[in-house]
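Student: A single structure is presented below for examination.
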């Protein structure tokens, strides 16, 4: 395998890191660690860096977790406030909280870290073919299940077969990687013959119907935790995993207690905690639970609680994410079927100012194209400028010289900040003669109309790649296309970007993708919000993850 | 007497049957089912579901059957002692409800243990000398405390005793097992709200007794005032408050909702609210049945007690 | 909590209802206020002028009220507390207040200045002025509270009159349904009804009616049973009047007296219920301010001594209004006993 080929078929960040190494921003040893983490076999990584390959470095360098902390104290229990939910079937999980309870027991093929970089976990590395239609995963050797079995391709095959069983109803079939392994049979989507190829005990190949870029990222999607080949739901009754912890007790709506597995040597190096205890608190009450000293850390607190958090004795841990709020128009409904109206609204709003008002600490300004600066393929378009006069002119041209009255539906599905965004927009739109009515409804009501309302504020969660979310939400006719946007030119531009693994080339393709979407003004998307959590000063290494995934391998408590 | 009790009990079961049928009908709307689906599967997922898979989900949950069929099934299992299953808590409703009722029971025990002596003593003191300074002060205090809603009392107590002075924990989640300290604020809140009402009724009853002929005669006969009050007045004056106190049990089932939610105490009230919002139908059903049963039974007890305590009725 | 002891004599009633101008004034205050709160959003240009006549009406009503209640200082204090909030409610658009929904600067403590604005009661977590939110909030609490109580009374009194006057199977059926509803703890009933109808002001009115009307019905029924044996009812019956006429023109005026005391207490309960329900997330909806909502929003952001003003302000506001209603009821009862 030549150096050139590796960089092309492996993680986009490898190329970036290699550039950094060549320009001196990254030293060679750092590059080796980084590249290894991204799925480049350690040997190849050393070769790329032009260094001799030391036999011992291989193991340590290839772990996806942060480095060991020499000051770490072994033992102790970490008490975390989070909603405690049921642990029925990891493949059909619908909430992150469920997967967090399981995440310490079950592990994934890959691991998307707090830095939004995806690294191999139960896989040792992976390779993609040139056309991105064939992905080969090399499983890590020496991984043991809690019952003593070896982790092999048999387990991986078992899991993929389960996920693609149409009767199971796993949301994994919606992932672009898995859906490219399916075919239609008798009105049902089933696994295509030959889509999965077991090569040996530790090598497995996936043959896809179309190029897929995000295979490694998909494998850390929260319902893709790998269960033992003997798995039968509910998981909580027979919690066999490969992770460092096992389940002691799970009482829904009350507590979930996990303790270290005994008798099995964990593959992932040192783990400090003895116990993890989740206690049930609603999102609103987690910070107050922390304030009263009941827990050491929490799942999340909202931006409206920031002042309270600052006043408490703890470390606030923000995570940069691509979670956002799309105040999107349905381009088939009046008056938003007129592009000039949409452009006028977008022009009258100052995204940076809205962000400043709602999320003064952290976060990124959105640019109405739903690609976040932390996405690897993000292309920086010229900054958006507010243009009230231009907005007025466009409105007049569209036939509304005396102003326009519109209503936005807000469900606060992700916290009261949705409403704050809408209110800030209302104040800014006033200057352009647009009256915005903010119609607040309960979250469950909003979910009933989210893809039907002419103008609504929908929350979209973080996805590691920009192309993943664009493909889900804006391609012509896809189920989650809430804007009813249909532009063949844009679809083609996205296709081009999606079939390019090289991050530099992909970024170049993204310019067109982002530009068209921005010009067509399908949404006001002012904020990529940060997520906040808090941990006591005695807790070290508590991760702030863009999708609030809990991986506590290197967390310790003083 | 027995006939009356029987009549009441029959009425209770009739009411329970009507109430639960109504609840089943209410929670049968497509709206509620959709909400349940959103809770279970997540909002995005539900709206991406095809009509077929949604129907499949409904039938898997047994929600596709008409509500009267589900109702008869439910009645059948209730009669066998099975209260159903909680979707939200993933548990049998029976043990879940028992757990929460026990917690509310602990709360109620301390509330009554504090409220009964306090309100009776204050009520008697006030009613002994109607119109005195003592009477007016106690009356004003009781109007004042009853006027402050529980939510406001809870806030005032938390702000002063917990956030300000730091003497007591602000929340009562009790995640590490029972801690008496965490029980103090909820108990105080309920006592402060409720004692004034009982005290005023005791006062009225006491005042009436004190102006009655036989007490006046006793005083005129020269029996020491203290003895008149203790021996003769009290017994008769406490009949009305007794019935009232039993009825407070019914009130408490309403009153605990806001207190338990504010202090995050895992009791009956919080369970009911969470279940209604979820919507966890079988838990709401079970909670309602318990509430109705408590209401009716406490009514019966208070009636019986009144009959037994009141000589005028017993010997009539 | 059950309401007992309703025995206000006719004289209080006379004092209250004799002057017809009093009713006219009350209407002049109440109709614009209700219209403003319920439909204000739909009156674009002239919304602010609607309340103009209500301001002097409220002041005058207060003066007349104090004169009528002057014998009982308890009632006067109660009246003053209630009218303080009523006046705040009707004059809110004309007071020099900041926009209650506009974020200015978050977490400003009371009596301090920030961004050249002086905040008497500080600002909340979003930076909205607390003073203005408390005053605007009382509009919603009062209007929905009083409307709900009034509707409950109309429904309860109607069924009570029918049940008491007509007796027979009318009485059996109505009493059974009243018993069904009464055997629910109030909160259970509220939660079930509002959960079914969805949270909104109008639905609160419905829920309060279901919860309160049975008790009102029982009171009115008892009174009607008593009054229907009086001579003037017999006279009307022998005149051949329609039962409906007798109920409305003979019975109703004579049950009004005792009901007024009960109404004052019930107004208090309803206000508490609305605040509590909004706190629980089942009542009025954001963004417009009201006290329950202020408590709900602050409960998760202000659990700290230095932010506790955010909880205390709405808590004290709601307590003072309810204290007002209860003192008024107490004073009325006291006066009726004295007569």
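Student: On the basis of being within 14 Å of chain A (Cβ to nearest Cβ), modelled with pLDDT under 85, over 30 Å from residue B:195 (Cα atoms) and assigned to a helix (DSSP H, G or I), does residue B:3 make the cut?
Tutor: no
Student: Let me ask you something else. Go over the candidates B:82, B:64 one by one and state the one that is more than 12 Å from chain A (Cβ to nearest Cβ), farther than 30 Å from residue A:473 by Cβ and in contact with a strand residue (DSSP E or B) (Cβ under 9 Å, 6 or more places away or on another chain).
Tutor: B:82
Student: What pairs can you find where one residue is in segment A:428-444 and at positive phi, the other is surrounded by fewer than 19 Cβ atoms within 10 Å (Cβ to Cβ) and not in a helix (DSSP H, G or I), and their Cβ atoms are less than 6 Å apart, with a gap of 6+ or different chains?
Tutor: A:433/A:403
Student: Something else about it: Can you confirm whether residue B:181 is assigned to a helix (DSSP H, G or I) and farther than 26 Å from residue C:322 by Cβ?
Tutor: yes
Student: Still on this structure, please answer the following. Do any helices (runs of 4 or more DSSP H) lying entirely in segment C:150-255 carry at least 1 residues that are under 30 Å from residue A:445 (Cα atoms) and either more than 12 Å from chain B (Cβ to nearest Cβ) or within 19 Å of the chain's Cα centre (by Cα) (or both), and which ones are they?
Tutor: Output list reads C:186-197, C:201-227.
Student: Quick check on this structure: which one of C:321, C:293, C:337, C:277 is over 30 Å from residue A:444 (Cβ atoms), in contact with a helix residue (DSSP H, G or I) (Cβ under 9 Å, 6 or more places away or on another chain) and either outside any loop (DSSP other than H, G, I, E, B) or at pLDDT 85 or above (or both)?
Tutor: Of the residues listed, the single one that is over 30 Å from residue A:444 (Cβ atoms), in contact with a helix residue (DSSP H, G or I) (Cβ under 9 Å, 6 or more places away or on another chain) and either outside any loop (DSSP other than H, G, I, E, B) or at pLDDT 85 or above (or both) is C:321.
Student: To continue, here is another question. Take the conditions farther than 25 Å from residue B:137 by Cα, surrounded by 21 or more Cβ atoms within 10 Å (Cβ to Cβ) and over 21 Å from the mean Cα position of the chain (by Cα) and apply them to residue B:224. Does it pass?
Tutor: Considered against the rule, which asks whether it is farther than 25 Å from residue B:137 by Cα, surrounded by 21 or more Cβ atoms within 10 Å (Cβ to Cβ) and over 21 Å from the mean Cα position of the chain (by Cα), residue B:224 comes out as no.
Each row is one residue, and each column tells you yes or no for (1) part of a helix (DSSP H, G or I); (2) away from chain C (no Cβ under 14 Å); (3) crowded, with 19+ Cβ neighbours inside 10 Å; (4) touching a residue at least 24 places away in the same chain (Cβ under 8 Å).
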{"residue": "B:228", "(1), (2), (3), (4)": "yes, yes, yes, no"}
{"residue": "B:252", "(1), (2), (3), (4)": "yes, no, yes, yes"}
{"residue": "B:265", "(1), (2), (3), (4)": "no, yes, yes, yes"}
{"residue": "B:269", "(1), (2), (3), (4)": "yes, no, yes, yes"}
{"residue": "B:291", "(1), (2), (3), (4)": "yes, no, yes, yes"}
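Student: Further question: All but one of (1) at pLDDT 85 or above; (2) closer than 22 Å to residue B:226 by Cβ hold for residue B:108, so report the exception by its number.
Tutor: Unmet for residue B:108, out of (1) at pLDDT 85 or above; (2) closer than 22 Å to residue B:226 by Cβ: (2).
Student: Further, regarding this structure: Are any residues in segment C:97-129 more than 17 Å from residue A:357 (Cβ to Cβ) and not in a loop (DSSP other than H, G, I, E, B), and if so, which ones?
Tutor: Passing the criteria: C:112, C:113, C:118, C:119.
Student: Could I ask something else about it? Would you mention how many residues in segment A:449-475 are assigned to a loop (DSSP other than H, G, I, E, B) and either in contact with a strand residue (DSSP E or B) (Cβ under 6 Å, 6 or more places away or on another chain) or over 20 Å from residue A:214 (Cβ atoms) (or both)?
Tutor: 6
Student: When residues of segment C:293-314 are filtered for being within 22 Å of residue B:146 (Cα to Cα), within 9 Å of another protein chain (Cβ to nearest Cβ) and touching a residue at least 24 places away in the same chain (Cβ under 8 Å), how many remain?
Tutor: 1
Student: I want to confirm something. Restricting to segment B:201-218 and keeping residues that are within 14 Å of chain C (Cβ to nearest Cβ) and within 30 Å of the chain's Cα centre (by Cα), which single residue is surrounded by the fewest Cβ atoms within 10 Å (Cβ to Cβ)?
Tutor: The qualifying residue surrounded by the fewest Cβ atoms within 10 Å (Cβ to Cβ) is B:208.
Student: Scan segment A:231-242 and give yes if some residue there is part of a helix (DSSP H, G or I), buried (at least 18 other Cβ atoms within 10 Å of the Cβ) and at pLDDT 90 or above, otherwise no.
Tutor: Yes.
Student: Here is a follow-up. Check segment A:99-120 and report whether any residue there is within 14 Å of chain B (Cβ to nearest Cβ) and in contact with a helix residue (DSSP H, G or I) (Cβ under 8 Å, 6 or more places away or on another chain).
Tutor: Yes: one or more hits.
Student: Another question, if that's okay. Does residue A:125 satisfy the criteria of being under 20 Å from the mean Cα position of the chain (by Cα) and assigned to a strand (DSSP E or B)?
Tutor: So residue A:125 fails the test.
Student: May I ask you to say which residue of A:362, A:366 is at pLDDT 90 or above, more than 24 Å from residue A:334 (Cα to Cα), crowded, with 16+ Cβ neighbours inside 10 Å and touching a strand residue (DSSP E or B) at 6+ places or on another chain (Cβ under 7 Å)?
Tutor: It is A:366.
Student: Something else now. What are the residues in segment A:373-422 that are under 25 Å from the mean Cα position of the chain (by Cα) and in a strand (DSSP E or B), if any?
Tutor: Hits for segment A:373-422 are A:410, A:413, A:415.
Student: For segment C:98-131, what are the residues that are away from chain A (no Cβ under 14 Å), touching a helix residue (DSSP H, G or I) at 6+ places or on another chain (Cβ under 8 Å) and surrounded by fewer than 16 Cβ atoms within 10 Å (Cβ to Cβ)?
Tutor: Matches in segment C:98-131: C:110, C:120.
Student: Could you tell me whether segment B:143-165 includes any residue that is without any contact (Cβ under 8 Å) to a residue 60 or more places away in the chain, surrounded by fewer than 19 Cβ atoms within 10 Å (Cβ to Cβ) and not in a helix (DSSP H, G or I)?
Tutor: Taking every residue of segment B:143-165 in turn, at least one turns out to be without any contact (Cβ under 8 Å) to a residue 60 or more places away in the chain, surrounded by fewer than 19 Cβ atoms within 10 Å (Cβ to Cβ) and not in a helix (DSSP H, G or I).
Student: Now for a separate question. Of all residues in segment C:182-200, count the ones that are touching a helix residue (DSSP H, G or I) at 6+ places or on another chain (Cβ under 6 Å) and surrounded by fewer than 19 Cβ atoms within 10 Å (Cβ to Cβ).
Tutor: Result for segment C:182-200: 1.
Student: Looking only at segment A:299-320, count how many residues are touching a strand residue (DSSP E or B) at 6+ places or on another chain (Cβ under 9 Å) and more than 19 Å from residue A:540 (Cβ to Cβ).
Tutor: Going through segment A:299-320 one residue at a time, the tally reaches 10.
Student: Further question on the same structure: Only one of (1) out of contact with any helix residue (DSSP H, G or I) (no Cβ under 9 Å at 6 or more places or on another chain); (2) surrounded by 21 or more Cβ atoms within 10 Å (Cβ to Cβ); (3) within 12 Å of chain C (Cβ to nearest Cβ); (4) closer than 29 Å to residue A:470 by Cα is not met by residue A:301, so which one is it?
Tutor: (1)
Student: Continuing with the same structure: Would you pick out the residues in segment B:271-281 that are in a helix (DSSP H, G or I), touching a residue at least 24 places away in the same chain (Cβ under 8 Å) and surrounded by fewer than 24 Cβ atoms within 10 Å (Cβ to Cβ)?
Tutor: B:274
Student: Might you let me know whether segment C:81-96 holds any residue that is within 14 Å of chain A (Cβ to nearest Cβ), without any contact (Cβ under 8 Å) to a residue 24 or more places away in the chain and part of a loop (DSSP other than H, G, I, E, B)?
Tutor: no
Student: Okay, next question. Can you find a residue in segment C:327-337 that is under 26 Å from residue C:98 (Cβ atoms), buried (at least 24 other Cβ atoms within 10 Å of the Cβ) and facing chain B (nearest Cβ under 9 Å)?
Tutor: No, that holds for no residue.
Student: Please go through (1) farther than 20 Å from residue B:85 by Cα; (2) more than 7 Å from chain C (Cβ to nearest Cβ) for residue B:295 and return the number of the only condition it doesn't satisfy.
Tutor: Condition not satisfied by residue B:295: (2).
The values are calculated or read from the model by the stated rules, or taken from the named source; none is laboratory data. What you see is a predicted model; the values in this text were computed from it and never measured. Here Cβ is always computed from backbone atoms with ideal geometry, including for glycine, and neighbour counts include all displayed protein chains.
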